[in-house]
Every structure is written in C-alpha cells, then in structure tokens.
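Here the structure is laid out as structure tokens; the discussion comes afterwards.
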Amino acid sequence: MLWLGDITTVAADAIVNAANESLLGGGGVDGAIHRAAGAELLEECRTLGGCPTGEARITRGYRLPARHVIHTVGPRWHGGGQGEAALLARCYQSVFARMEEHGLRTVAFPSISTGVYGYPIEQASRIALREIHAALERRPALEKVTVVLFSPGDLQVYQRALAELPGAQ
Ligand code: ADP
C-alpha cells in the first residue's frame, strides 16, 4: 500500500496528479507526470477548463504505464483554519468518485498538498490514509490503492500514520 518511488513508473488503472487549478501543468509531481505522459496530456487538459480545489478530473494516460490520470487540486496550507483538512479529504473522495464512474479498480496517489502547497505531512498523511481506508471499506470495486512516496522520510511519516490508523491493521 505504501511504496517509495516515482509515480510516473506505476502501472495502474490510474495515477493521481497533484495539480493546480489551471490543470495546465506545474512543478513537482505535476511536471513529472506531464513530462512522462507527453504533450498530448496537456492538450487534453486544455479542454477541461481547470478544476476547483477539492475536485478531480480524469484524462487518458498517454505514454504513461497508467491508463488514466486523475488530476486533483489539493488545498494550499494557510495554517489550518481555512478548511484545508476538509478540502484535502475531498480530493481523495473526488478521485474515488471518478474511479467508480469509469470502472477503475487500481490507483496510485502521491502525497497531495505536502510539496509546494505546504500542508504538514504528518497531518496530511492521516487524512490520506483515513480516506483511503474508508473508500476500501465502502467501495467493493476498489481493488488496490497505493500511496507513492518520493523520499524515505515521507515514507516513514506515512508508515507511522498507517500504524496508528484505527481499524486498519
Ligand atoms: P502540491 O502542490 O500538491 O504540494 P507537489 O508536486 O509539490 O504538490 O508535491 C506533492 C508530493 O509529491 C511531494 O511529497 C513531492 O515530493 C512528491 N513528488 C514529486 N515528484 C514525484 C514523483 N515523480 N512521484 C511521486 N511523488 C512525487
């Protein structure tokens, strides 16, 4: 369920992109996904007209080993008093909703919002794992959910959060 590596190498029904509201590419995992998928991904994203924070939009995966990319826009961290936790939870829920609509069973997430958007990873990891665990319980079509961490330190944070997750063991 937790994996250390590069999400652009993951073969799944979908990988999740931590995008920005324009859906027109950016740095971090967004840039890596667009580079690996090729220019056609940006062309399809241009037709979508952006995406509000907390929502998710689906495209094809083009040159990626993943069949689809589900682009979601995480909240920027403003100290925690501006609904960040609810918005981050909505990102995960929105991804699972798109998966169900398209009959997708396997997915890999990056750590949404914990890069440039500055969400403290200890808090973000608890929300991510809580929402994933809830989706696995509620959605029988969901087969495999992986969180791909990009550094050993981030992996450790998620491992600790997983160990503390009520009912997950
Ligand atoms: P956000 O703007 O939502 O914070 P970032 O892309 O800046 O998004 O960071 C989200 C997380 O994705 C960070 O933990 C970052 O280290 C990680 N990341 C960056 N590149 C990759 C990649 N190729 N595969 C997986 N995770 C990545």
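None of the figures in this text is laboratory data; all of them are computed from the coordinates on show. Just so it is clear, the structure is predicted and the values come from calculations on it, not from any experiment. Positions of Cβ are generated from backbone atoms using ideal geometry, with glycine treated the same way; all protein chains shown enter the neighbour counts.
The table below gives the values:
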item	result
Percent RCO, i.e. relative contact order, over the range 2-164, from Cα pairs under 8 Å lying at least 6 residues apart	29
Local electrostatic count at Leu64 - Lys and Arg +1, Asp and Glu -1, tallied over other residues with Cβ under 12 Å	+1
Share antiparallel - DSSP beta bridges, the range 2-164, percent rounded to 5	25
Computed helical MRE - 222 nm, the chain, DSSP H runs ≥ 4 contributing -39500 (n - 2.57), nearest 500	-13000 deg cm²/dmol
Local electrostatic count, Pro52, Cβ distance below 15 Å [Lys/Arg +1, Asp/Glu -1]	+1
Charge context of Leu149, other residues only, Cβ under 14 angstrom, K/R +1, D/E -1	-2
Protection proxy ranking, peptides 96-107, 36-47, 63-74, average beta carbon neighbours within 10 Å, highest first	63-74, 96-107, 36-47
Given charges at beta-carbon only (K, R positive; D, E negative), |dipole| of the range 2-164 in Debye	140
Cα gyration tensor shape of the range 2-164, rounded if a/c is under 1.5, else prolate or oblate by comparing a/b with b/c	rounded
